[in-house]
1. Taking 0.36 nm per intervening residue step and subtracting the Cα-Cα distance, what contour gain separates K418 from R295 on full extension?
2. With springs connecting C-alpha atoms under 10 Å apart, model the chain as a Gaussian network and identify which of V383, V187, V356 has the largest mean-square fluctuation.
3. What FRET efficiency would be calculated for the residue pair S41, L399, taking the C-beta separation as r and a Förster radius of 35 Å, to the nearest 0.05?
4. Can you tell me the length gained on complete extension of the stretch V410 to I14, counting 0.36 nm per residue apart and subtracting the Cα distance?
5. Taking only DSSP H segments of four or more residues, each worth -39500 (n - 2.57), what value at 222 nm results for the chain once the sum is divided by all its residues, to the nearest 500 deg cm²/dmol?
6. Using just the Cα positions, wrap the stretch 90-245 in a convex hull and report its mean projected area in square nanometres, one decimal place.
7. Translational D (Stokes-Einstein, µm²/s) of the stretch 34-160 at 10 °C and 1.306 mPa s when Rh comes from the Kirkwood sum over C-alpha pairs?
8. Cα centroids of the stretch 161-205 and the stretch 326-377: how far apart, whole angstrom?
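Any read-out appearing in this document is the output of simple, stated calculations on the displayed coordinates, not a laboratory observation. Computed from a prediction, not measured in an experiment: that's the story for all the values here. Cβ placement follows ideal geometry from the backbone for every residue including glycine, while neighbour counts extend to all protein chains displayed.
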Amino acid sequence: MERKTSRVRRIQWIAMSFLTVAGIVNYMDRSTLSIANHSISVELGLSASQMGLLLSAFALPYALSQLPVGILIDRFGARVMMGLGMFVWSVAQLAGGFVHTLQQFLVARVLLGVGESPQFPASAKVVSEWFAVRDRGAPTGIFAAATTIGPGLAPPILTIAMLTLGWRGMFILMGVLGIAVSIGWYVIYRNRNDGRLSADDLAYLRQDAGRDAVSQRLTWPEWRGLFTQRTTWGMVFGNIGVIYMVWLYLAWLPAYFEHERHLSIAKTGWIVSLPYVFGTMGVLLSGVIADRLLRRGMSALASRKWPLCVGLIGGAAFTVPAAFTPSVTLAVVYICAAMFFVQMASGSAWALVTVVASRHQVASLSSIQNFGGYFGGSLAPLVTGIVVDRTHSFVQALLISAAIAAAAAVIYLVFVTKPISHAADKNGTDEDAAIAA
């Protein structure tokens with residue numbers, strides 16, 4: 001078993017620090033609209049259905065952008081694509097502080113979705129480039145933890161910012177922060193093929209790599225070929241169950257506590273953070289569990305798939321009682337448990353990508369999976385808004401989410417049974433060897 005060199009360890013630390021910070025900013029930016037839900041709807045005169053449309057306006061462009069952005073990341077690298085995406089989404093976030101109509105806000109949210117699209121496929125790409133296969137679960141859990149740390153920090157921090165600066169000032173502040181992080185990423189981070197690697201560096205990175213030992217550029221036929229794979233479609237439709245529940249809670253949890261449970265804005269800001277604490281534990285644990293199962297003899301695919309399915313079933317199982325309990329305390333407890341499990345599923349879904357595809361396909365498969373998840377998941381805010389308008393309750397919306405999550409677990413079990421098949425390009429060259437030479 002090869003050990004990582006001090007140079008690789010340093011690169012890993014820098015990369016994971018930036019990915020975590022960027023992911024936290026990413027999800028805090030997504031949370032601004034839900035945190036300011038009431039203030040914005042009052043100032044702009046929006047109904048729950050219109051607010052649901054505004055919340056979904058981010059997710060659908062985000063989903064559609066996944067398909068082109070994945071192959072762009074595989075061809076041009078995470079440094080350029082994530083840096084550019086972060087800059088675009090931060091400008092869009094800043095612009096949200098200056099809108100005055102629903103139409104203007106929709107444009108800003110669309111650009112936010114397009115800009116944020118490279119973040120997590122690029123993160124998966126970085127992990128596949130700088131970590132050996134046996135070590136990829138934990139770092140995947142770390143960058144995926146941003147999906148819970150960001151929303152967990154958002155309620156208290158953004159609520160204070162909103163009460164101090166107003167909701168417009170809150171949007172502007174987050175935009176400026178994101179621009180700063182995007183510049184730092186581009187200046188400091190380097191792709192694996194951008195520098196000279198020693199033989200010891202490559203020995204660690206290539207162990208147990210199999211197909212990943214040879215670095216090659218993704219071709220268009222290979223990208224199209226991903227859509228012929230049973231495993232790809234299982235990941236596409238299965239991820240809908242993950243993202244639908246994640247996005248429902250992200251978009252509507254503050255409003256749920258304010259309107260369904262009759263809590264004040266200030267109190268909601270703190271209570272909403274609790275489920276995300278448990279969600280963070282779930283997503284971090286997903287990586288630890290995956291690596292341990294792999295080291296104990298389970299296949300790489302199975303070590304990621306089983307925590308994913310358990311997470312989906314657990315998320316559904318605890319969402320149902322959360323919908324029916326009359327107790328605010330029990331509702332918080334059930335939602336905390338649901339968040340723990342669904343975020344464990346989310347982390348496992350990202351970890352799954354890094355072991356079922358070759359390194360030069362990881363970003364593309366990640367983006368295809370994310371496309372499926374967000375294409376279906378983007379309906380969560382809109383469907384929830386319509387259900388709340390018609391029933392004046394969140395009960396049916398929560399039950400719909402639970403049913404979709406349970407169905408997704410079955411899809412993963414039935415369709416995701418083997419890695420993506422890949423015929424190596426006989427004319428390809430070993431770029432890593434050229435770099436080391």
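1. 42.4 nm
2. Taking springs between Cα atoms under 10 Å, the residue moving most is V187.
3. After rounding, the FRET efficiency stands at 0.90.
4. The V410-I14 span can extend by a further 138.8 nm.
5. It comes out at -26500 deg cm²/dmol, rounded to the nearest 500.
6. If I average the Cα hull's projected area over directions, I get 12.5 nm².
7. 99
8. A separation of 22 Å, based on Cα centres.
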